[in-house]
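Novice: Here it is: the structure, laid out below.
The values are calculated or read from the model by the stated rules, or taken from the named source; none is laboratory data. Owing to the predicted nature of the structure, the values given are computational and were not obtained by experimental measurement. Please note: Cβ atoms are built from the backbone with ideal geometry, for glycine as well, and neighbour counts cover all protein chains shown. Each accessible area value is taken on the protein alone, full model and side chains, heavy atoms only, with ligands, DNA and RNA left out. Shrake-Rupley method; radii C 1.70, N 1.55, O 1.52, S 1.80 Å.
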Amino acid sequence: MKFTDSRIFQIALGFLVPILLLGAWQYASVTGYAAPNLLPPLTRIYGTFTDLLASGELGEHLWITLYRVFAGFVAGLAVALVLGILNGYFRFFRYLLDPMLQALRNIPSMAWVPLFILWLGIYETSKITLIAIGVFFPVYLNLLTGIISVDRKLIEVGWVHGYRGFRLIWHFFLPATLPSLVGGMRSGLSMGWMFVVAAEIMGASKGLGFLMTDGQTTGRPAIIMTSLILFAIFGKLTDMVMVWLGSKLLYWQTDLVTGKQQSA
Amino acid sequence: MEQTTLGSHLQIKKTAKRYGDKQVLQEVELEGKPGEFIAIVGRSGCGKSTLLRLVAGLEKASEGGIHIDGEEIRFIHPDTRVLFQDARLLPWKSVLENVRVGVKDGDIRKAEKALEQVGLSSRASEWPGVLSGGQRQRVALARALAGNPKLLLLDEPLGALDALTRIEMQQLIEQLWTEQRFTALLVTHDVAEAVQLADRVILIEQGKIAFDVKITLSRPREHNSDFAYFEKLILDRILIKEKAKSPSGNIGKNDNYTI
């Protein structure tokens with residue numbers, strides 16, 4: 001195998017550009033090319049990060065944000081599963097509910113905030129509901145499309161071999177739909193991260209989004225950048241978890257690519 | 001598979017199929033005795049595949065109906081299996097699990113046995129994606145036979161295979177049919193294949209049965225002059241219309257001539 005084909009090389013290559021950019025950044029701010037009150041040096045950001053970490057403040061912000069994303073994701077996923085399956089398998093429900101859902105999908109995330117605060121208060125419920133809505137749509141749409149576009153030829157195989165109802169769903173529809181569901185969950189999660197920022201910027205006293213607005217109002221760009229970097233890192237980490245989960249769910253695709261055999 | 005499996009008695013009674021204004025089949029009347037091997041030939045678009053889908057229960061007849069063992073079918077008959085042109089294996093199940101789909105009580109040993117019959121036991125734990133086209137079709141055949149069908153419908157099952165694999169598959173199908181005595185209905189555009197396998201060859205032309213010939217050759221069939229006689233008989237019959245049409249200026253319409 002060539003060195004350029006190795007996994008380590010591929011991973012290292014992904015780090016190359018970020019590291020170069022960080023180096024340029026540090027150089028620009030230290031030498032004064034960039035105003036430090038706009039672009040603070042990396043070292044200062046690191047200092048801010050360790051200070052916030054040491055005081056326990058950062059952990060608290062991070063924790064509450066992760067909690068909101070997770071809770072919103074689970075709630076949005078659950079509703080999307082129910083409605084996606086219902087509208088996917090039963091045309092009656094699809095004609096009944098899908099047009100309304102498609103219309104609601106066009107409401108921008110921020111537009112929900114005033115209503116949710118009015119209805120659900122300023123605490124967690126309104127924020128988690130907002131995130132759940134963000135998660136809901138991509139999962140729902142992918143699942144619905146997945147179910148509708150399942151290869152009819154494979155379903156005929158099921159019919160011909162006497163599969164009906166639940167057995168047909170379990171052995172044929174579900175595995176055939178799983179790739180689109182996993183894709184939907186991944187975009188749902190990234191929507192969850194977008195909506196958590198929306199929720200926290202609009203009104204929160206904790207969380208990475210709050211930390212960011214706090215940095216803005218108090219004129220501390222290092223804090224804004226610390227939270228930005230944390231969003232990037234944790235967004236990526238949770239996405240990796242999702243990809244891993246997807247590869248477990250879609251084991252047959254993974255095995256096919258790597259050429260491994262299924263242990264019988 | 002038990003030797004005692006008996007084929008279905010198939011009756012197609014004055015059956016017609018329309019899609020909107022388009023008449024695909026009309027007044028099709030056909031009887032298949034238990035254990036008989038019938039081949040249906042015809043040009044592309046003559047309605048032969050539609051007839052097979054009607055018998056399978058995957059489509060509903062516009063008029064008339066399909067009777068299996070004296071009873072009109074409403075949906076797919078539990079003792080009928082279909083071998084499609086594309087193997088249609090499930091990519092999320094291993095080869096053995098794909099065969100198991102066809103086993104009525106889900107007994108894995110029956111699936112193993114069926115896979116053994118098509119000579120693919122050694123590939124049991126692999127994914128269908130790594131098999132060749134011929135191997136996939138053999139797995140599909142094992143899956144169809146694992147449920148001990150009384151009626152096996154074959155929808156151009158060898159159309160996508162290369163010539164050598166096709167001969168092997170024909171031998172395998174003939175051997176398993178001889179052993180298990182199910183009724184078989186084969187749709188094909190290959191007249192030689194029809195003569196090779198079938199007791200009777202039926203020609204469908206413009207949605208109607210145009211020709212019905214018994215192949216009286218003994219099995220296993222050799223490609224000798226008798227074989228050639230039947231092949232020519234059927235081919236000539238298919239081509240009659242062609243010759244009659246051509247001088248009248250219809251040539252352009254017939255350019256998708258595939259037999």
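Novice: Restricting the range B:50-104 to residues that are within 13 Å of chain A (Cβ to nearest Cβ) and polar (S, T, N, Q), which is surrounded by the fewest Cβ atoms within 10 Å (Cβ to Cβ)?
Specialist: Looking at residues that are within 13 Å of chain A (Cβ to nearest Cβ) and polar (S, T, N, Q), I get B:85.
Novice: Could you list all residues from the range A:114-167 that are open to solvent by 20 Å² or more (accessible area, probe 1.4 Å) and hydroxyl-bearing (Ser, Thr, Tyr)?
Specialist: Within the range A:114-167, A:123, A:125, A:129, A:145, A:149 qualify.
Novice: Could you tell me which of the residues A:199, A:176 is closer than 19 Å to residue A:230 by Cα and outside any loop (DSSP other than H, G, I, E, B)?
Specialist: One residue alone meets the criteria, A:199.
Novice: Could we say that residue A:68 is basic (Lys, Arg), within 30 Å of residue A:227 (Cβ to Cβ) and crowded, with 16+ Cβ neighbours inside 10 Å here?
Specialist: Judged against the criteria, residue A:68 is a match.
Novice: What number of residues within the range A:1-45 satisfy the criterion of being without any contact (Cβ under 8 Å) to a residue 24 or more places away in the chain and assigned to a loop (DSSP other than H, G, I, E, B)?
Specialist: 9
Novice: Let me ask you something else. So if I check each of A:243, A:182, A:196, which one is surrounded by fewer than 16 Cβ atoms within 10 Å (Cβ to Cβ) and hydrophobic (A, V, I, L, M, F, W, C)? Outline the logic, then answer.
Specialist: Working: A:182 fails: surrounded by fewer than 16 Cβ atoms within 10 Å (Cβ to Cβ); A:196 fails: surrounded by fewer than 16 Cβ atoms within 10 Å (Cβ to Cβ).
Testing whether each residue is surrounded by fewer than 16 Cβ atoms within 10 Å (Cβ to Cβ) and hydrophobic (A, V, I, L, M, F, W, C) leaves just A:243.
Novice: Restricted to the range B:193-245, and to residues that are small (Gly, Ala, Ser) and open to solvent by 20 Å² or more (accessible area, probe 1.4 Å), which residue is nearest to residue B:47 (Cα to Cα)?
Specialist: Filtering the range B:193-245 for residues that are small (Gly, Ala, Ser) and open to solvent by 20 Å² or more (accessible area, probe 1.4 Å), the one nearest to residue B:47 (Cα to Cα) comes out as B:210.
Novice: Give me the residue from the range A:155-166 that is in a helix (DSSP H, G or I) and more than 18 Å from residue B:146 (Cα to Cα) and, out of that set, farthest from the other protein chains (Cβ to nearest Cβ).
Specialist: Of everything passing the filter in the range A:155-166, A:166 is farthest from the other protein chains (Cβ to nearest Cβ).
Novice: In addition: Identify all residues within the range B:133-154 that are farther than 18 Å from residue B:180 by Cβ and either in the same structural domain as residue B:40 (by TED's automatic domain parsing) or modelled with pLDDT under 90 (or both); write none if there are none.
Specialist: If the condition is that a residue be farther than 18 Å from residue B:180 by Cβ and either in the same structural domain as residue B:40 (by TED's automatic domain parsing) or modelled with pLDDT under 90 (or both), then B:133, B:134 are the ones that fit.
Novice: From the list A:170, A:193, pick out the single residue that is part of a helix (DSSP H, G or I) and away from chain B (no Cβ under 14 Å).
Specialist: A:193
Condition check ((1) of a type in the set (Val, Ile, Thr); (2) under 30 Å from residue B:217 (Cα atoms); (3) at pLDDT 90 or above; (4) touching a His at 6+ places or on another chain (Cβ under 7 Å)) across all residues:
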| residue | (1), (2), (3), (4) |
| --- | --- |
| B:12 | yes, yes, no, no |
| B:18 | no, no, no, no |
| B:22 | no, no, no, no |
| B:37 | no, yes, yes, no |
| B:45 | no, yes, no, no |
| B:64 | no, no, no, no |
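Novice: Show the residue pairs meeting these rules: Cβ distance below 8 Å; 6+ apart or different chains; first residue within the range A:46-57 and open to solvent by 80 Å² or more (accessible area, probe 1.4 Å); second residue at pLDDT 85 or above.
Specialist: Listed pairs, sorted by first residue: A:53/A:59.
Novice: Restricting the search to the range B:166-190, which residues are among the β-branched types (Val, Ile, Thr) and surrounded by fewer than 22 Cβ atoms within 10 Å (Cβ to Cβ)?
Specialist: B:167, B:178 - these are the residues of the range B:166-190 that are among the β-branched types (Val, Ile, Thr) and surrounded by fewer than 22 Cβ atoms within 10 Å (Cβ to Cβ).
Novice: Regarding residue B:133, is this residue out of contact with any helix residue (DSSP H, G or I) (no Cβ under 6 Å at 6 or more places or on another chain) and within 30 Å of residue B:43 (Cβ to Cβ)?
Specialist: yes
Novice: Take the conditions open to solvent by less than 30 Å² (accessible area, probe 1.4 Å), at pLDDT 90 or above and more than 30 Å from residue A:22 (Cα to Cα) and apply them to residue A:177. Does it pass?
Specialist: So residue A:177 fits the description; yes.
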